[in-house]
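Asks: Quick one: this structure, given as structure tokens, is what I'll be asking you about.
We did not get these values from a lab; they are worked out from the coordinates using the rules stated. Not measured: the values here are computed from a predicted model. Note that each Cβ is placed from the backbone with ideal geometry, even for glycine, and that neighbours are counted across all protein chains shown.
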Amino acid sequence: MKVMGFAGWSGSGKTTLVEQVIAALGARGLAVSLVKHAHHSFDIDHAGKDSWRHRQAGCREVMVSSGQRWSLTHELRGAPEATLDELLAQLAPCDIVLVEGFKRASIPKVEVWRRVVTEPLLHPDDPHIVAVATDGRLDTTLPQLDINDPAAVAGFIADYLGV
């Protein structure tokens, strides 16, 4: 699997851009998966549902399956947070895995930066950033991609990864 990350500060538009890039890569016939890092506790299950009750009872993993999808929830139960490599190993084969978050990971990344973001750019201190998706011109030798042109960002990623 080929992997490309998206890194940027909160409010930079990462999620919106990633969503649009997924659609553009899919339109090219590529199978795309996603790993997203959350900086807080999150829950994809709903209180009172059977799977939630089984997790609350102490299950380490709960898998829910239907004719349309299956989902696996893995409880850490005090174990350390999984590394990106451990998470990638859990995915079914695909053409491209997009990674949102994990901004310190040693994978190629597109930095997402908008002029309204007041935090500093990441790429001067991260050699793994290979391009910047932005709404302005920056003083950098990295390729600058129009954040408002997800098809062009998808094209860059496909070319960069050779898919």
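Asks: Working only within the stretch 118-163, note down all residues that are among the hydroxyl-bearing types (Ser, Thr, Tyr), without any contact (Cβ under 8 Å) to a residue 60 or more places away in the chain and not in a loop (DSSP other than H, G, I, E, B). Reasoning before the result, please.
Replies: First pass over the stretch 118-163, keeping only residues among the hydroxyl-bearing types (Ser, Thr, Tyr): 118, 134, 140-141, 160.
Still in the running and without any contact (Cβ under 8 Å) to a residue 60 or more places away in the chain: 118, 134, 140-141.
Within the stretch 118-163, Thr134 is the sole residue that qualifies.
Asks: If we only count helices (runs of 4 or more DSSP H) wholly inside the stretch 2-117, which ones have 3 or more residues that are free of Cβ contacts under 8 Å to residues at least 24 places away in the same chain and surrounded by 11 or more Cβ atoms within 10 Å (Cβ to Cβ)? First the steps, then the outcome.
Replies: On the way: elements: 14-27, 50-57, 84-88.
The qualifying helices (runs of 4 or more DSSP H) are 14-27, 50-57.
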